[in-house]
Amino acid sequence: MTEPLSFELSRPAVDPPRLPDANVAGPSPADVLPRGALRAKPPGLPRLSEPEIMRHYSRMASLNYSISENFYPLGSCTMKYNPVVNEAAAALPGFAELHPYQDEETVQGALELMWRLEQALCAIVGVDRVTLQPAAGAHGEWTALRMIRAYQHSRGEARTEVLVPDSAHGTNPASAALSGFQVVEVKSGGDGRISLADLESKLSPRTSALMLTNPNTLGLFEREILDIAELVHSTGAMLYYDGANLNAFMGICRPGDMGFDAVHMNLHKTFTTPHGGGGPGAGPVGVKSELVPFLPAPTVERTNGRLTLDHKRPQSIGRVRSFYGNFGMLVRAYTYILAMGGDGLSQASRDAVLSANYLRKLLDGHLEMPHDGPCMHEFVASAHNLTVQDGVRALDVAKALLDREFYAPTVYFPLVVPEAIMVEPTETESKATLDAFAQAVREIVAQAKTDPQGLHQEPKRTPVGRLDEVAAARRINAYLQGQSEDPVLRWKAAAESPS
Ligand SMILES: *Cc1c(COP(=O)(O)O)cnc(C)c1O
């Protein structure tokens, strides 16, 4: 790293910024906390002046890479441009300065925004109601599976298995397992789509649900979705839609019309709210009428123009998130939907599909394309050809792209494609950017033939170069077997004492 830790920059002689007294009435901590819980000496925090702290964090921020600086073709993640108007809306004092315990009468505008967002999402995916509580897609999957289970229990059924295709995102089997289901894998056919014969052989009275992504993670539309839905429903099971790929067909077709019973949406993917870095996301879940009684409480209700929070929902699975979900993300997503309008959203999806097909065509013949096109909003290529001929892996291509000032695509996912390189350009990139990216990949593929060794050493221009993953794995293994000191995962002060 080119920036030391604040602890390393710390100088004992510096007077750190002074904070005013807390000026809180009542007893001091020393009066109410047990003696053992009180510090005997001040914590060993770094000592820096206010400008030094400011510069330290600004320098660190400049080491970061983000969608506001350059192209981010991370497959499956829909890294769109985050419009600044969303930020302006979310920063309006009437939204930003609310307190979650405020009386309903004083937050009618915020409740109205939630209600309208719910209406808009219902219309986009074709469901009856939506909960805005879940904090991410994975959380939405878990929430929906809880609702499906509660519904099936209410009918006296104890279904124990959830079917997940082999191309699914890892969160699907994880959510199913976390909800106490057995995960049963369904195989893809040679064309990259779910095998109906395999699905039929795995369906049984034990099946609670099939979780499906459409277009699937290979960027291919499941053309037999109506037959799939009929097959699943004929055994009394439900169909769950992993909506991470909703950017492929907003305003063109709807999961609800395809037969899906429950749907999650990733507002931080399709609806341009910021993404990643551990920040808040939002994963609303839409459901058809049978599941409505089981929605998390409270729901937002509108009667005679007045908005209320309904906590009295006897069959509800309960609250899944503190307060009402990540409200700031809801404001951003609603702003995006209003700014785009229905026609704008469907144009966005058409452009996303066009961009992906354009880029796929530019790279065809340089990387392997394991499945026939055309694709939807993303495609999965493979570096298998480079690996066999020149010993260059998908990882090398990804690292080499970093030196050419592009973020790397998703690699090694989905698992069904060896040396997978998964590219999702989104509709917000220009043709010039797509051309430049394709040019960079072509140069790397050419270098694989002339100088594969050089590629193994990239990136060289990033703050952190190629990590020695083999050494790291060896060291962790040795530690786990008790043969070495613990791996260095955090900074420790020389004088750090157990107290
Ligand atoms: C991103 C993604 C998820 C999980 O969504 P998070 O919001 O990251 O929790 C699930 N499935 C697919 C296909 C995804 O791309």
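Measuring with a 1.4 angstrom probe and ignoring ligands and nucleic acids, PHE323 comes out at about 70 Å² accessible. In this Cβ point-charge picture (+1 for Lys and Arg, -1 for Asp and Glu), the range 85-339 has a dipole of about 340 debye about its Cα centre. Between the residues VAL84, SER316, MET54, the greatest Cα displacement towards the positive end of the dipole of the chain, with unit charges on the Cβ of Lys, Arg, Asp and Glu, is found for MET54.
Net charge of the neighbourhood of TYR72, taken over other residues with C-beta under 10 Å away and scored Lys/Arg +1, Asp/Glu -1, is -2.
Taking the three principal axes of the alpha carbon atoms in the range 85-339, the coordinate ranges are 55, 38, 32 Å, sorted in descending order. The heavy atoms of MET114 offer some 10 square angstrom of accessible surface to a 1.4 angstrom probe. Exceedance of the 26 Å cut-off in Cα-Cα distance is limited, within the set LYS80/LYS399; LYS202/LYS361; LYS269/LYS460, to LYS202/LYS361; LYS269/LYS460.
From most to least packed by mean Cβ count within 10 Å, the peptides 40-53, 174-187 give 174-187, 40-53.
Shape call for the range 415-461 from the C-alpha gyration tensor, a ≥ b ≥ c root eigenvalues: rounded (a/c under 1.5), prolate (a/b greater than b/c) or oblate? It comes out oblate by the Cα gyration axes.
In the range 291-384, taking the dipole from charged Cβ atoms about the Cα centre, the farthest positive-side position among GLY305, LEU362, LEU338 is held by GLY305.
Among 448-460, 381-393, the peptide with the highest mean count of other Cβ atoms within 10 Å heads the list, and the full ranking is 381-393, 448-460. Magnitude of the charge dipole for the chain, about its Cα centre and with charges confined to Cβ atoms of Lys, Arg (+1) and Asp, Glu (-1), is about 1040 debye. If a/c stays under 1.5 just call it rounded; otherwise compare a/b with b/c (prolate if a/b is bigger, oblate if not). Do that for the range 317-389, with a ≥ b ≥ c from the square roots of the Cα gyration tensor eigenvalues. Oblate, since a/c reaches 1.5 and b/c is not below a/b.
Using a probe of 1.4 angstrom and keeping all protein chains present, the accessible surface of the chain works out to 50 square angstrom per residue. Simple rule: put +1 on each Lys or Arg Cβ and -1 on each Asp or Glu Cβ in the chain, find the dipole, and look at LEU132, LEU226, SER484; the Cα lying farthest toward the positive end is SER484.
Working note: 222 nm ellipticity from helices only, DSSP H runs with n ≥ 4, each -39,500 (n - 2.57), summed and divided by the residues of the chain, gives -11500 deg cm²/dmol to the nearest 500. Taking the average, over residues, of other Cβ atoms within 10 Å as the packing measure, peptides 73-86, 24-37, 130-143 rank 130-143, 73-86, 24-37 from highest down. Remark: relative contact order (the range 328-476) = 24 percent; criterion is Cα-Cα distance under 8 angstrom and separation of 6 or more residues.
Counting only protein heavy atoms and a 1.4 Å probe, tell me what percentage of the chain's accessible area is made up of carbon and sulfur. Carbon and sulfur together cover 55 percent of it.
Accessible surface of GLU104, taken over heavy atoms with a 1.4 Å probe and every protein chain present, rounds to 50 Å². Would you please state the base-10 log of I(q)/I(0) at q = 0.10, 0.12 1/Å for the chain, with intensities from the Debye formula using one equal scatterer on every alpha carbon? At q = 0.10, 0.12 Å⁻¹ the computed log10 ratios are -0.95, -1.23. Divided by 2.2 N^0.38 Å, where N counts the residues, the Cα radius of gyration of the range 76-153 comes to 1.36. Each Lys and Arg adds +1 at its Cβ and each Asp and Glu adds -1 at its Cβ; summed about the Cα centre, the range 378-467 shows a dipole of about 300 debye.
Stretched out straight at 0.36 nm per residue, the stretch from ARG466 to LEU178 would grow longer than its current Cα-Cα span by 100.2 nm. Annotation: aspartates and glutamates with alpha-carbon distance below 13 angstrom to LYS187 (same-chain offsets under eight excluded): ASP166, ASP198, GLU200.
Each principal axis of the Cα cloud of the range 233-320 was evaluated for its coordinate range; sorted largest first, these ranges are 40, 36, 27 Å. By the rule of a C-alpha distance below 20 Å, with chain neighbours fewer than 8 residues away ignored, the lysines paired with LYS41 are LYS492. Sorting ARG350, ARG59 by solvent-accessible area of protein heavy atoms yields ARG350, ARG59, largest first, with a 1.4 Å probe.
The values are calculated or read from the model by the stated rules, or taken from the named source; none is laboratory data. Computed from a predicted structure; not experimentally measured. Positions of Cβ are backbone-derived with ideal geometry, glycine not excepted, and every protein chain shown enters the neighbour counts. Ligands, DNA and RNA are excluded from the accessible area calculation, which covers all protein heavy atoms including side chains. Shrake-Rupley method; radii C 1.70, N 1.55, O 1.52, S 1.80 Å.
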